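The values are calculated or read from the model by the stated rules, or taken from the named source; none is laboratory data. These numbers come from a predicted model, not from an experiment. With ideal geometry, Cβ positions are generated from the backbone for all residues, glycine too; neighbour counts draw on all protein chains shown.
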Amino acid sequence: MIQKMVESMAQLQEEKLQLQEELLALQEKLSARENEEVAVSVQLQDQVENLKGKLLDQAQEVNRLRSELGGTDLEKHRDLLVAENERLKQEMKACEAELQKLKKQHGKCIDCEHIQENARLQGRVTQLQLEVEEAKGRLSELDMEVQQKTHRLAEVELRLKDSLAEKAEEEERLSRRLRDSQETIASLKAQPQQIKYIIKTVEVESSKTKQALQETQSRNQYLQEQVGMQRQVLKEMEQQLQKSQKTAAQLQAQIKMYESELEQAHGQMLEEMQNMEDDKNRAIEEAFARAQVEMKAVHENLAGVRTNLLTLQPALRTLTNDYNSLKRQVRDFPLLLQEALRNAKAEIGHAIEEVNSTNQELLRKYRKELQLRKKCHNELVRLKGNIRVFGRVRPITKEDGEGPEAANSVTFDPEDDAILHLMHKGKLVSFELDKVFSPEATQQDVFQEVQALITSCIDGYNVCIFAYGQTGAGKTYTMEGTPENPGINQRALQLLFSEAQRKAADWDYTITVSVAEIYNEALRDLLGKEPQEKLDIKLCPDGSGQLYVPGLTEFQVHSVEDVNKVFEFGHLNRVTEYTSLNEHSSRSHALLIVTVRGLDYSTGLRTTGKLNLVDLAGSERVGKSGAEGSRLREAQHINKSLSALGDVIYALRARQGHVPFRNSKLTYLLQDSLSRDSKTLMMVQVSPAEKNTSETLCSLKFAERVRSVELGPGSRRSDLVSWSSQEHLENDSPTAAQPAIRTYSAPTSGTPTRRASSFRRKLQTSGKLRPVPV
Ligand code: ADP
Ligand code: MG
């Protein structure tokens, strides 16, 4: 047992020893491991230091490269190139503008100014070319630089790649070693429990080492990131470089373009210059030729001048003498001038006095002359007869119908425009008036004959123009006319306007018009506000014996347009109450009263002339049996007024002491314009139609009777009776005192009747006279 025990003790001892040996070996191993680990960590640290140093170097290299190749420098270069480019562009533009200007000027002149300009431009072009060359040189330098830098960058890149590869290898190696140590540790860990303690301590120490390794790894990571960032930066720089290269290429292309343009411009300029040179040469040749011609002329002139000079010398001598004497005269001139001025003043004063007195004398004579003229005119009018009777035959119209009733019954004397023949009940009755207008006579023809009367109105005479005749015979046509073919009224006013205008330098004329109507012996103002109101005719309160119509509207007119407006207004007022204007107008007298007031600027003389244009009521008879009521009253009034007019004219022409103006409103109103040196025209209108022959006969008898009263200057017929009592005379036997009405039997031979004085004509019983219609 003991032996067993000793044996087991010895065995245990042996085991213990074995274990101790093993422990020792393990301790050795551990220390060796420790040493190894320390060495590894030191090595790793060295490597890390080394890497750090390399990284620093690389960073510095990168910085250096950046500063060398840096975006800023490249950008600067690029900016400079861009600016240079811009400047070149502008210069190019300026060159073009100048070239343009030169082209324009070329047409204008070929002076040497241009040549100077050209030279200057050429200089400029060469300068520009030099500049372009310079820019090109600079560009190629820049290119070189860029290439060098690119090269260096590639090298740096390579170096960077190598160091990166080295680092990767190093990393690989380190991680491999780390893996080995970890494995060793793991194997150590697997040792029996006895060495666990030792392992633990080793583990504690190993964790420290691990920590150190981790730190190293994290630093390594950081370094890798840094390298990544540097790579990024490098990439960016590469991109920038590429961009710069692209810009440089573009710039080069532009420069090439500019060069070609410049070359073109240069070519053009050379061409222009050549043209200019040609022009200049041509101009010089021409100028030379001209100068030669002129020179020749100048030489000739010179020769002439030389000869002139020879002849002028004596003249110069006499001129010098004259000059000296003039000098003397000039010295004495102020005295002489004063004397002359005194004399002239006296003479002028004298002359002014004389002119003044002559002027007075002339004015006096002028006034006398005016009076004399008026007197003469009056005398002339008296001799000619101030009452004239015209006849107008209207053409046959549609209204006359057809057949025998509308046949023509009036013929004329081709040799005498004062005679007309009427075929009445188979007998040819002839009448002599002052003038007869055939149906062919125009409004202008008629006006031609009456315009002398109208102009006398401007001189201050009163004038009356009456249109007499049966309804439909053309009274209104003659007086008013149609818008296209106006009658006496409008033409007269037109004439007055133009006459007033013609005399405007000496006279101031005012023309006014009134439009009135006499119906049933009542006077109405057709321009008034109340056209129905009856107006009175009164004596002027100034005792002049003149008449006036209180309330009669007067419109001042300046033109035909004004007149037309007035007429229109008058017509409107006339129509208001009556459905048929024609019917009404045939039963009333329409009056247009034109007053012309003149003032002579030089003499202060005032004149007033009145022109009365009267469209009388129809003169036709109204059958006594048929007429009744208002129609009868109208007829009576018309009869009365037309009789009164006839009486008055008769009395005036017969120069009776008493003229019965008061017998009708019409004659009373026109008293001023009918008496004394007034002028009257009776236009007797007739229809040529067969059916109207008896009315035509009456009208013509009335006309001839009015006219036949004319007895010639100085004669007086006191025995003439009133027209109203004419009918009595007609019905009884005709006497010598009666107005002469001629009746001819129809001329068988067809030859025109001879004209005989109306004094000798006797009233023939065949023509029943009824001068005034009832
Ligand atoms: P009254 O005024 O005498 O009643 P009008 O002047 O109204 O007559 O004339 C009657 C018609 O005859 C109108 O249609 C007019 O145009 C026409 N007439 C009158 N005289 C002429 C003429 N000389 N030429 C053409 N037509 C005329
Ligand atoms: Mg009429």
If we only count strands (runs of 3 or more DSSP E) wholly inside the range 403-445, which ones have 3 or more residues that are touching a residue at least 12 places away in the same chain (Cβ under 8 Å) and closer than 22 Å to R491 by Cα? 435-437
Taking the condition of being at pLDDT 85 or above and small (G, A, S), how many residues in the range 193-235 meet it? 2
Might you let me know whether the range 249-258 holds any residue that is under 53 Å from the mean Cα position of the chain (by Cα) and closer than 19 Å to R87 by Cα? yes
Yes or no: the range 593-609 includes at least one residue that is modelled with pLDDT of 90 or more, closer than 22 Å to V513 by Cα, within 16 Å of ligand 2 (Cβ to nearest atom) and not aromatic (F, W, Y). no
Enumeration of residues in the range 447-479 that are touching a strand residue (DSSP E or B) at 6+ places or on another chain (Cβ under 7 Å) and within 16 Å of ligand 2 (Cβ to nearest atom): I465, F466, A467, Y468, G469, A473, G474, K475, T476, T478, M479
Scan of the range 452-472 for residues that are buried (at least 24 other Cβ atoms within 10 Å of the Cβ) and not hydrophobic (A, V, I, L, M, F, W, C), ordered by number: Y461, Y468, G469
If M423 satisfies all but one of (1) more than 16 Å from ligand 1 (Cβ to nearest atom); (2) in contact with a strand residue (DSSP E or B) (Cβ under 6 Å, 6 or more places away or on another chain), what's the number of the condition it fails? (2)
Can you go through A644, A651, A635 and tell me which one is at pLDDT 90 or above, in a helix (DSSP H, G or I) and away from ligand 2 (no atom under 16 Å from the Cβ)? A644
When you check N485 against the structure, is it surrounded by fewer than 14 Cβ atoms within 10 Å (Cβ to Cβ), within 16 Å of ligand 2 (Cβ to nearest atom) and either at negative phi or among the aliphatic types (A, V, I, L, M) (or both), yes or no? yes
Scanning the range 468-518 residue by residue, those assigned to a helix (DSSP H, G or I) and either within 16 Å of ligand 1 (Cβ to nearest atom) or of a type in the set (D, E, K, R) (or both) turn out to be K475, T476, Y477, T478, M479, I488, N489, Q490, R491, E499, R502
S67 - would you say it is of a type in the set (G, A, S), surrounded by 11 or more Cβ atoms within 10 Å (Cβ to Cβ) and either in a helix (DSSP H, G or I) or at pLDDT below 75 (or both)? no
Is one or more of the residues making up the range 429-439 surrounded by 19 or more Cβ atoms within 10 Å (Cβ to Cβ) and within 14 Å of ligand 1 (Cβ to nearest atom)? yes
So, T442, is that one surrounded by fewer than 17 Cβ atoms within 10 Å (Cβ to Cβ), more than 16 Å from ligand 1 (Cβ to nearest atom) and modelled with pLDDT of 95 or more or not? no
Of the numbered conditions (1) within 14 Å of ligand 1 (Cβ to nearest atom); (2) in contact with a helix residue (DSSP H, G or I) (Cβ under 6 Å, 6 or more places away or on another chain); (3) modelled with pLDDT under 95, F447 fails exactly one; give the number of that condition. (3)
